[in-house]
Amino acid sequence: MTNLLTTLASGDINLLTGLIWLIIATGLSVVGGAIGGILLAGEELGYKFAATIGGLFAPAGVIPAMVLGLLLLNFCPKF
């Protein structure tokens with residue numbers, strides 16, 4: 001566990017740390033999408049439904065961007 005925390009803190013990107021960062025980014029995007037859905041369409045659609053739709057659609061944009069960013073950081077370390 002200490003080795004994993006050390007590689008996460010040092011910025012070393014391998015398969016395991018990349019998956020952990022992807023899971024963290026997906027979780028944060030779900031929360032952010034739910035909050036955005038509530039703010040944008042809470043009164044019109046209902047707060048629970050707007051949060052559900054926002055939480056489902058937010059990772060659709062975050063996951064490809066996160067994978068591309070991790071690949072760029074892995075293959076272009078001086079970028």
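The values are calculated or read from the model by the stated rules, or taken from the named source; none is laboratory data. Since the model is a prediction, treat every value here as computed from it, not as a measurement. Here the Cβ is made from the backbone with ideal geometry for all residues, glycine too, and neighbour counts use every protein chain on show. Protein only, heavy atoms only, side chains kept; ligands, DNA and RNA dropped before computing areas. Shrake-Rupley method; radii C 1.70, N 1.55, O 1.52, S 1.80 Å.
I need the fraction of alpha carbon pairs in the range 30-79 separated by more than 12 Å, rounded to a whole percent. Summing the P(r) of the range 30-79 above 12 Å gives 63 percent of all pairs. Roughly how many percent of the accessible protein surface of the chain is carbon and sulfur, given a 1.4 Å probe and a whole-percent answer? Within the chain, the accessible surface is 77 percent carbon and sulfur.
Here Ile24 sits with roughly 80 square angstrom of accessible surface, probe radius 1.4 Å. Within the chain, the selection of entire DSSP H helices by a Cα span of 24 Å or greater along the long axis and an average Kyte-Doolittle value of at least 0.5 returns 15-45, 47-75. Each peptide among 42-51, 69-78 gets the average number of other Cβ atoms lying within 10 Å of its residues, and from highest to lowest they stand as 42-51, 69-78. For the chain, the solvent-accessible area with a 1.4 angstrom probe is 73 square angstrom per residue. Helices in the chain, meaning DSSP H runs of at least 4 residues, each add -39500 (n - 2.57). Divided by all residues, the mean residue ellipticity at 222 nm is -30500 deg cm²/dmol.
Sorting Thr2, Thr26, Thr52, Thr17 on solvent-accessible area from highest to lowest, probe radius 1.4 Å, gives Thr2, Thr52, Thr26, Thr17.
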